[in-house]
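Have a look at the structure below before the remarks.
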Amino acid sequence: MNTLTDRFRPLTGHRLFWPALVLVVMLAANTVYRPGFLSVEVKEGHLYGTPVDILRLSAPLILVALGMTLVIATGGIDLSVGSLCAISGAIACLHISEASDQNSLSTVFTALALAFGVALVLGAWNGLLVAVIGIQPIIATLILMVAGRGLAQLITEGQIITINSGPYRAIGLGHVLTLPLAIIIAVAAALLVAALTRRTALGLIVESVGGNAEASRLAGIRSGRIVFLVYVVSAACAAIAGFMMTANVSSADGNAAGLWIELDAILAVVIGGTSLAGGRFSLGGTILGALIIQTLTTTVYAMNIDPQTSLLFKAVVVIAVCLIQSPAFRARVSRRRGATTPRPTTRQPEKEQVSA
Amino acid sequence: MRTRRTARVIIAAFAGVLLAGSMAACGNSDTGGDSGGDDKLVLGFSQVGAESGWRTANTTSIKEAAAAAGIELKFDDAQQKQENQIKAIRNFIQQKVDVIAFSPVVESGWDTVLKEAKDAGIPVILTDRAVDSADKTLYKTFLGSDFVKEGRLAGEWLVEQTKGASGPVNIVELQGTTGSAPANDRKEGFAKAIAANPNLKIVASQSGDFKRADGKQVMEQFLKANPDIDVLFAHNDDMGLGALEAITAAGKVPGKDITIITIDAVKDGMQALADGKFNFIAECSPLLGPQLMELAKKVEAGEEVPARIETEETTFTQEQAKAALPSRKY
């Protein structure tokens, strides 16, 4: 028994092992409930099935959570991402709905550029408040979280803007090589962020700022600039997520688009093993976290869990995930269960492992 | 035109930033000035907010009806917050308006402020949503839709349509926000109506939170879990519209392979109905302005009014939608 545990230690010791296990268990439970859950078929030239739905629907959350990971790594938090999703979607849809030819590519690209630009400005506003003026991140971004919702409704004039634009729709529903375009965009963004942070010193700098901003500054890192930057990146991610959400239903709802996604994103980051205190972060963990959250939502629908109990069901799963992931909790459980075969080492060394 | 819109967006961006700075200052800009002195009836109205197209149409209807009826309207937007609404009602009391009307954000917690209005001798009318106060004398009347009836009308139409069906009819239901009055009541009304035909069976029922994105996401799973869905009943148009996309993506034809029944009759929903993608809509009308003004005059004059007044509503089939669409206000 002991040798078996030892053999699996490198695997179970990996920081992504436990979230991955949770995801596998959830998918397995769904498959038991409905054997066809994981089946994927080709319909109208692209893949069709629940796993594809999960990937496509988790794309916006993956994007928002990626930006959130960087913000949290610097010890901050960005509550305004949901409102930014709504604003960017609203601006893009408003522009397209005003155009004479909604299917024209130039219209769609102008709309995207316009909305993206506004999102960057708003991200810079967040960065300015946090990095330059020195307001607590949770308060600084709370301003835009509240005001941004109003702004989105101002843009849509309180209405739901419905558009009928093929190219814009493709962002949420299109397919490339039989895969949903949304997930390809999300993966591309993830690879870009990973390359920028893990193949250059940027990731290390972000982590050092999160660990101790003042010490980093004294060591020669321009902490303020890094902090400013992550809020802009977070806003950019939120803007693209906003395009996907609105494209998914071909309409912009200033009131509902991206509502509470900031909380889901924070949860995804935490499930992925990034500490809210800042410092070391895991992009892979965040993506897994986002997939877990979306799978959970889909599970509720697929198993037709009563809406009145679904929130409780979700909460129980989330608590379970967090407990399983806690080394202290696992150590306590295994100590109690395996009193006769005491585990020789604690789990400290695994913290040194780095993964993208 | 396009550049003007662009300019508007940019101005809006700056306005939003300014707004953020002065959040504490906003709220009751509409409630200043003196009132009640002249012979014109003064109505203080506190709206929930501007969360949907339905609500915007509701606001417009009230404003227009007040102007047409020669009533001075003091309008307050509570921005979905009960404390704003309580503040607004207290303001109305201080200004001694003749009648107070409001759409309560939530059902509970109104007793104190309604008591204050009663003590000040100002009659209160509830619109659109009810309160759960035990003391029914705190308000004169409740003007609003009967959600149970809407669900029942939807169910009755389906029973009528499926009279000849011999086999089972599989229904999936997209519920509104869990626990909200319209979701509970529409579910109840529909379930009661379809009980008339034992062939009609709800095979799955989930909350789509009254939103398009959620309606779509839930419908995607419904379609995969239940291969033979005959009917979709959505508690509002928006969820139905979201579900349309999921149905199309599954290679089925909405309105033909799957019969779609919704509630509300907002413009996009009516368009879908006229296009043959929906099959039936039970209306939930926001245009209660004229009825409200009439009521305000009556309670001001001290006339007795019924404790519960229903909004004038109808139902639409595809042909009726085609005819009604050009003149729809919302």
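Every number here is computed from the coordinates shown, using simple stated rules; none is lab data. Owing to the predicted nature of the structure, the values given are computational and were not obtained by experimental measurement. Neighbour counts run over all protein chains shown; Cβ positions are idealised from the backbone, glycine included.
Divide the volume of the convex hull around the Cα atoms of chain B by the residue count and you get 167 Å³ per residue. Across the stretch B:147-284, the mean sequence separation of Cα contacts (distance under 8 Å, 6 or more residues apart), normalised by length, yields a relative contact order of 26 percent. Given in Å, the Rg to one decimal and the Dmax to the nearest whole number for the Cα atoms of the stretch A:46-304 are 17.8, 56. Only Lys, Arg, Asp and Glu carry charge here, each on its Cβ (+1 for the first two, -1 for the last two); on that basis the protein assembly as shown has a dipole of about 3040 debye about its Cα centre. Would you please give the FRET efficiency between A:T31 and B:F75, computed as 1/(1 + (r/R0)^6) with r the Cβ-Cβ distance and R0 = 56 Å, to the nearest 0.05? Using R0 = 56 Å, I get an efficiency of 0.55. Applying both filters, DSSP loop and at most 15 other Cβ atoms within 10 Å, to the GluC sites (Glu not before Pro) of the stretch B:99-189 gives B:E107. Pull out a ≥ b ≥ c, the square roots of the eigenvalues of the alpha-carbon gyration tensor of the stretch B:147-284, then state rounded if a/c is under 1.5, prolate if not and a/b is larger than b/c, and oblate in the remaining case. Rounded, because the longest to shortest axis ratio a/c is under 1.5. Over all pairs of different C-alpha atoms in the protein assembly as shown, the reciprocal of the mean inverse distance, the Kirkwood hydrodynamic radius, equals 27.2 Å. For the stretch A:96-157 versus the stretch A:194-242, the inter-centroid distance based on Cα atoms is 21 Å. So how far, in whole Å, is the C-alpha centre of the stretch B:182-240 from the one of the stretch B:62-114? Taking the Cα centre of each part, the stretch B:182-240 and the stretch B:62-114 sit 35 Å apart. Given the options B:T259, B:T248, B:T60, which has the most mean-square fluctuation in a GNM of chain B, springs set between C-alpha atoms less than 10 angstrom apart? In this elastic network of chain B, the residue with the biggest mean-square fluctuation among B:T259, B:T248, B:T60 is B:T248. Restriction of the GluC sites (Glu not before Pro) in the stretch B:282-326 to DSSP coil positions whose beta-carbon has at most 13 other beta-carbons within 10 angstrom yields B:E303, B:E304, B:E312.
Placing dummy labels 7 Å off each Cα toward the beta-carbon, the span from B:E294 to A:A328 is 6.7 nm.
Please work out the Cα center distance from the stretch B:286-312 to the stretch A:12-32, rounded to the nearest Å. Cα centroid to Cα centroid, the span is 59 Å.
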